[in-house]
1. Quick one: how many lysine pairs in the range 5-142 have C-alpha atoms under 20 angstrom apart, if they're 8 or more apart or on different chains?
2. What is the chain's relative contact order, in percent, from Cα pairs under 8 angstrom and six or more apart in sequence?
3. Shape call for the range 77-159 from the C-alpha gyration tensor, a ≥ b ≥ c root eigenvalues: rounded (a/c under 1.5), prolate (a/b greater than b/c) or oblate?
4. Based on Cβ point charges of +1 for Lys and Arg and -1 for Asp and Glu, what charge dipole magnitude is obtained for the chain about its Cα centre, in debye rounded to the nearest 20?
5. Need one word for the range 1-55: rounded, prolate or oblate. Basis is the Cα gyration tensor (sqrt eigenvalues a ≥ b ≥ c); a/c below 1.5 gives rounded, then a/b vs b/c decides.
6. If packing is taken as the average number of other Cβ atoms within 10 Å across a peptide's residues, how do 73-82, 141-150 rank, most packed first?
7. What is the range 1-120 by shape, rounded, prolate or oblate, if you read a ≥ b ≥ c off the alpha carbon gyration tensor as root eigenvalues and call it rounded for a/c under 1.5, prolate for a/b larger than b/c, and oblate otherwise?
8. Could you list which residues have their amide H under 5 Å from that of ALA42, counting only those 5 or more apart in sequence or on another chain, with H placed in the peptide plane?
Amino acid sequence: MDYTPLILKNKGVPCSFSKVKFTNENPPTWEKVYDAEGNIVAESLNIKFTNNSIADIETYYKGLDNWQNQLESLPVSSIRQTFSFVLNLPVNQVGEMMLEGELLHYSNVIGAAWAIANGVDPKVASRMLRQSAELAANQRKTLNETLTETLNLGTEDSPGTNGSDSGSKPASRSKNSGK
C-alpha cells in the first residue's frame with residue numbers, strides 16, 4: 001500500500017477490499033468476485049473522513065464517543081457501518097467487500113484516517129500505518145505458527161498412531177451366570 005503523506009492527506013488511507021457484484025437472484029445480494037484460479041479479486045479504496053461522513057457517524061451513533069465505544073465493543077459491525085458512511089455504499093455491500101482476517105488492519109486504517117481528519121501530520125500517520133501493518137503481519141504469522149504447532153501436537157497422540165485398533169474392545173465371556 002502507498003502510505004506516503006501526500007496520498008494520505010489528499011486521497012485518504014488506501015485499504016484493500018474485495019471487488020463485488022450485485023446479483024439479481026431472489027433475494028438480490030452482493031457476491032465477491034473471483035479470478036479464473038478462484039482467488040478473490042481485490043481493489044484498493046481510499047478511506048477519508050469528510051464532514052458528511054463524520055456527520056453521518058455522529059447521527060447514527062448519537063455522538064462520536066458512542067461510535068468509539070462501539071468500535072471497541074462491536075468491531076465488525078461498527079467498522080462495516082463506518083466504511084459504509086465513508087465510501088457512501090450500502091452496508092451489506094461493504095460487508096461483502098471486507099476481506100476475512102483483515103479486521104485489525106481495517107481498525108488501523110480507520111484510526112489513521114480519523115487522526116488525519118483531526119489534524120495529525122500525515123507523516124506521523126504514514127509511520128503509524130507502516131508499523132501497524134508490520135505488527136498485524138507478525139500477529140498473523142505467530143497465530144499460524146501456534147495453530148500449526150498445536151495441530152501437530154494433537155496428531156502425535158491421535159487414535160490409531162500406536163498400532164492398536166481404535167474403538168472399544170469386546171467384553172470377554174463370563175464363565176458363570178453371575179451367581
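1. 9
2. Reported relative contact order: 23 percent.
3. Verdict is oblate for the range 77-159.
4. Using only the charged Cβ atoms, the result is roughly 420 debye.
5. Oblate is the answer for the range 1-55, as a/c is 1.5 or above yet b/c matches or exceeds a/b.
6. The most tightly packed comes first, giving 73-82, 141-150.
7. oblate
8. LYS19
Where a number appears in this text, it was derived from the coordinates with a stated rule and is not lab data. Being a predicted model, the structure only gives us computed values, none of them experimental. Cβ sites come from the backbone with ideal geometry, for glycine too, and all protein chains shown count toward neighbours.
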